[in-house]
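Data first, discussion second: the structure below is written as structure tokens.
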Amino acid sequence: MEQTNKYQRSIDRLNDALGKEISTTLQYLYFHTIFEDAGYEYLATLMRRISIAEMQHIEHIAERILFLQGRVDMNPSFRTIQVDGVREALELTCSLEQSTIDTYNEYSRLCSGEDDTITHRMFQDMSAEEERHLDTFRTELQNMIDYGAQYLALQSVAHSRNVAKSSKKEE
Ligand SMILES: [Fe+2]
Ligand SMILES: [Fe+2]
């Protein structure tokens, strides 16, 4: 009979979080590529930056699972959603962050009740980071709602300016 791991519940929660982080990383990377293609410079960079932050969560969570002597289930929890409107994309990022925050708060509380203080703190720290992501996405969503076409036009201007600058450098 396989020996039971006293941290199994923490390991299951960590694996669930791992799946969410993998899917979120890919979702944001997808937004990065489509926004870059559309010439929305700032949004494309933002998506890339936050995608990398989520990827670092993957690494961090996997390391914790291994430390607890669990198995790492390195699989996405959902397939990338092919949304391509800026407003719809930002709405999706806000709801993803909010649901991750809710989950991590709950997991943090449960791990604390089971005396796994390190995993408890890890979920707490990640939740704080997801709140910062949510704050950033909310600001962009609000800008998009308030300024719409103007907001997008400004991004395209910034993009053209950068293209002009870099082609000048190459001359
Ligand atoms: Fe994350
Ligand atoms: Fe996040």
Q) When both residues are 6+ apart or on different chains and their Cβ atoms are under 6 Å apart, which pairs have a first residue that lies in segment 122-144 and is in a helix (DSSP H, G or I), and a second that is open to solvent by 50 Å² or more (accessible area, probe 1.4 Å)? A) SER127/ASN105; MET144/ARG87
Q) Is one or more of the residues making up segment 147-161 within 16 Å of the chain's Cα centre (by Cα) and basic (Lys, Arg)? A) no
Q: Please tell me if ARG13 is within 18 Å of ASP125 (Cβ to Cβ) and basic (Lys, Arg).
A: yes
Q | Matching option when the condition is closer than 26 Å to TYR151 by Cβ and within 16 Å of ligand 1 (Cβ to nearest atom), among LEU26, LEU18, LEU43 | A | LEU26
Q: State whether the residues of segment 3-10 include one that is under 20 Å from PHE137 (Cβ atoms), in a helix (DSSP H, G or I), touching a residue at least 60 places away in the same chain (Cβ under 8 Å) and open to solvent by less than 30 Å² (accessible area, probe 1.4 Å).
A: no
Q. Which condition does THR4 not pass, out of (1) more than 23 Å from ARG132 (Cα to Cα); (2) touching a Pro at 6+ places or on another chain (Cβ under 6 Å), if it passes all the others?
A. (2)
Q: Go through (1) open to solvent by 10 Å² or more (accessible area, probe 1.4 Å); (2) out of contact with any His (no Cβ under 7 Å at 6 or more places or on another chain); (3) more than 16 Å from ligand 2 (Cβ to nearest atom); (4) not in a loop (DSSP other than H, G, I, E, B) one by one and return the number of the condition THR119 breaks.
A: (1)
Q | Which listed residue is over 22 Å from ILE52 (Cβ atoms) and without any contact (Cβ under 8 Å) to a residue 60 or more places away in the chain, from ILE118, ILE81, ILE101 | A | ILE118
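Restricted to segment 38-74, and to residues that are among the acidic types (Asp, Glu) and either at pLDDT 95 or above or part of a loop (DSSP other than H, G, I, E, B) (or both), which residue is surrounded by the fewest Cβ atoms within 10 Å (Cβ to Cβ)?
The extreme case among them is GLU59.
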**Q.** Complete set of residues in segment 12-34 that are surrounded by fewer than 23 Cβ atoms within 10 Å (Cβ to Cβ) and of a type in the set (A, V, I, L, M, F, W, C)
**A.** ILE22, LEU26, LEU29, ILE34
Q: Consider THR80 carefully, then state whether it is hydroxyl-bearing (Ser, Thr, Tyr), open to solvent by 10 Å² or more (accessible area, probe 1.4 Å), closer than 25 Å to HIS32 by Cβ and more than 13 Å from ligand 1 (Cβ to nearest atom).
A: yes
(Q) Against the definition (open to solvent by 20 Å² or more (accessible area, probe 1.4 Å) and more than 22 Å from ARG9 (Cα to Cα)), how does GLU91 come out, yes or no? (A) yes
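The values are calculated or read from the model by the stated rules, or taken from the named source; none is laboratory data. These figures come from a predicted structure and were not determined experimentally. Cβ sites come from the backbone with ideal geometry, for glycine too, and all protein chains shown count toward neighbours. Remember, those area values only see protein heavy atoms, side chains included, never the ligands or the DNA or RNA. Shrake-Rupley method; radii C 1.70, N 1.55, O 1.52, S 1.80 Å.
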